[in-house]
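Take a look at the structure below.
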Amino acid sequence: EHQILVSRIDPSTSNSIRSPDQNLKVHIGTSTFFDTTSIGIFTFNREGKPAFSISPHSTPMRKNIFVEYYHAGDLDKNQNYQVLHFDPLREKYTHIPTKIIGKTLHTSTNMLGEFHIIPDNEAPIIGDIKIRTTNYGEHRVEICVSDELSGIDFKKSEIVINGIRGITEYDFEDNILIYIHPNFNPQKRSRIEVTATDNAGNSRFDVFYR
């Protein structure tokens, strides 16, 4: 069984609360919640990996809370540890920006719920490439990319075709990077350079010819 700390949070004041084992500290600023709210926090292990919970999971928030998680064991410096919010209904992760200072992971989130601390060292997978023409006569290149844990950071991803960098957009539903350039016209053979980067900072570079 988990030892749970439950605190009554008044939105008119700022609060810092710690889990019973002292490994988890949550900073809650003024006006974070709409009403006075009871918040429960605890730490646990999931499949041998550290994790923590901040509940109730569905509580609406006005702004982020700040979280510090102290990992008493040694964190392998060769592992790219990340904090991931776990959605048990969809069985999917959402990446939470993470910074490690010593043995403490620092993060900020606007979601409550269950959080897993998992190393993500895998770069995204680059899949099929399609060149298509929109109803407006605009030519686009669509590239399937996937990243199971941290998700794609399209702002740090890049597509260059025949030496020309275009605007990179991302379809979150279909996991597709999209190359857009007003002067792009498909050639009989085009060189397509793709850099796909995930939210944990892992990148993969590939070159294709179409």
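The values are calculated or read from the model by the stated rules, or taken from the named source; none is laboratory data. Because the structure is a prediction, the values reported are computed rather than measured. Note that each Cβ is placed from the backbone with ideal geometry, even for glycine, and that neighbours are counted across all protein chains shown. Calculation scope for accessible area: heavy atoms of the full protein, side chains included, ligands and nucleic acids excluded. Shrake-Rupley method; radii C 1.70, N 1.55, O 1.52, S 1.80 Å.
Considering (1) of a type outside the set (S, T, N, Q); (2) without any contact (Cβ under 8 Å) to a residue 12 or more places away in the chain; (3) closer than 16 Å to THR107 by Cα, the lone condition that LEU89 does not fulfil carries the number (3).
Is it true that some residue in segment 197-208 is among the polar types (S, T, N, Q), in contact with a Lys or Arg (Cβ under 9 Å, 6 or more places away or on another chain), touching a residue at least 12 places away in the same chain (Cβ under 8 Å) and outside any loop (DSSP other than H, G, I, E, B)? So far as segment 197-208 goes, yes, one or more of its residues are among the polar types (S, T, N, Q), in contact with a Lys or Arg (Cβ under 9 Å, 6 or more places away or on another chain), touching a residue at least 12 places away in the same chain (Cβ under 8 Å) and outside any loop (DSSP other than H, G, I, E, B). The residues of segment 116-142 that are within 20 Å of the chain's Cα centre (by Cα) and either in a strand (DSSP E or B) or farther than 16 Å from PHE172 by Cβ (or both), listed by number, are HIS116, ILE117, ILE118, PRO119, ASP120, ASN121, GLU122, ALA123, ILE125, ILE126.
Take SER16 and tell me if it is surrounded by fewer than 13 Cβ atoms within 10 Å (Cβ to Cβ) and modelled with pLDDT of 95 or more. Taking the combined requirement at face value, the residue satisfies it. When segment 96-139 is filtered for residues that are in contact with a Pro (Cβ under 9 Å, 6 or more places away or on another chain), open to solvent by 60 Å² or more (accessible area, probe 1.4 Å) and of a type in the set (Ser, Thr, Tyr), only THR133 remains. Residues that are within 19 Å of THR43 (Cβ to Cβ) and either touching a Ser or Thr at 6+ places or on another chain (Cβ under 7 Å) or outside any loop (DSSP other than H, G, I, E, B) (or both) within segment 58-86 comprise ILE65, PHE66, VAL67, GLU68, TYR69, TYR70, TYR81, GLN82, VAL83, LEU84, HIS85, PHE86, listed in sequence order.
Would you call THR134 β-branched (Val, Ile, Thr) and in contact (Cβ under 8 Å) with a residue 24 or more places away in the chain? Please lay out each step first, then the result.
Details: β-branched (Val, Ile, Thr): yes; in contact (Cβ under 8 Å) with a residue 24 or more places away in the chain: no.
Judged against the criteria, THR134 is not a match.
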